[in-house]
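The values are calculated or read from the model by the stated rules, or taken from the named source; none is laboratory data. The structure displayed is predicted, hence computed values, not measured ones. Methodologically, a virtual Cβ is constructed for each residue, glycine included, from the backbone with ideal geometry; neighbour enumeration extends over all protein chains shown.
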Amino acid sequence: MNRYCLDTSAYIEFLRDESRAVAAIDSASWIGFPTIALGELYTGFSLRRKHHEQEAARLRDFLAHPVVEAIPVDNQVAHEYGHLVAELRRAGAPLPANDIWIAACAARTSSVVLTRDSHFTRIARVGCVVLRADSPLPPRYQSGE
């Protein structure tokens, strides 16, 4: 059974009807949606005001699906985050902070990160499925790290 922790990029690929993202999400027995990724999406929605309500409603519908669960940042996620940051620093392989938080959510929930960002492969303790790493996200969804 597939347990996925969604990165923002995977949800966007799903919205775009990208076949690998749709197939992975449709086959999942459980989908965790980190609040960090939700924050990134709401930032994108707010910056692109034209379809803000439509996009937010679509996200609410996705989150209401029985296999989808929002993953809050709690003490256990923070503990995982600390371990991951230390491991990455020792390895000389820093990543964007939000992506480490998402990986910490995956570690906490024993799930695999579903993403388009291949840098998640540098996190040894967390598995990932990279959908595709060949095209940039639209500017409205890029984080400001």
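Every condition in (1) at pLDDT 95 or above; (2) within 22 Å of residue 104 (Cα to Cα); (3) out of contact with any Ser or Thr (no Cβ under 6 Å at 6 or more places or on another chain) holds for residue 32 except the one numbered (3). For the range 35-88, taking the residues that are among the hydrophobic types (A, V, I, L, M, F, W, C) and more than 20 Å from residue 113 (Cβ to Cβ), the one that is modelled with the highest pLDDT is identified as 64. Could you list, in sequence order, the residues of the range 79-123 that are at positive phi and either in contact (Cβ under 8 Å) with a residue 40 or more places away in the chain or of a type in the set (Asp, Glu) (or both)? Within the range 79-123, just 110 meets the criteria. One residue stands out in the range 101-122 among those that are surrounded by fewer than 23 Cβ atoms within 10 Å (Cβ to Cβ) and among the β-branched types (Val, Ile, Thr): the one that is farthest from residue 3 (Cα to Cα), namely 121. Checking every residue in the range 7-24 against the condition of being aliphatic (A, V, I, L, M), touching a residue at least 40 places away in the same chain (Cβ under 8 Å) and in contact with a strand residue (DSSP E or B) (Cβ under 6 Å, 6 or more places away or on another chain) gives at least one match. Of the conditions (1) closer than 16 Å to residue 8 by Cα; (2) of a type in the set (A, V, I, L, M); (3) modelled with pLDDT under 95; (4) out of contact with any His (no Cβ under 8 Å at 6 or more places or on another chain), residue 91 fails just one. Which one is it? With respect to (1) closer than 16 Å to residue 8 by Cα; (2) of a type in the set (A, V, I, L, M); (3) modelled with pLDDT under 95; (4) out of contact with any His (no Cβ under 8 Å at 6 or more places or on another chain), residue 91 is out only on (1).
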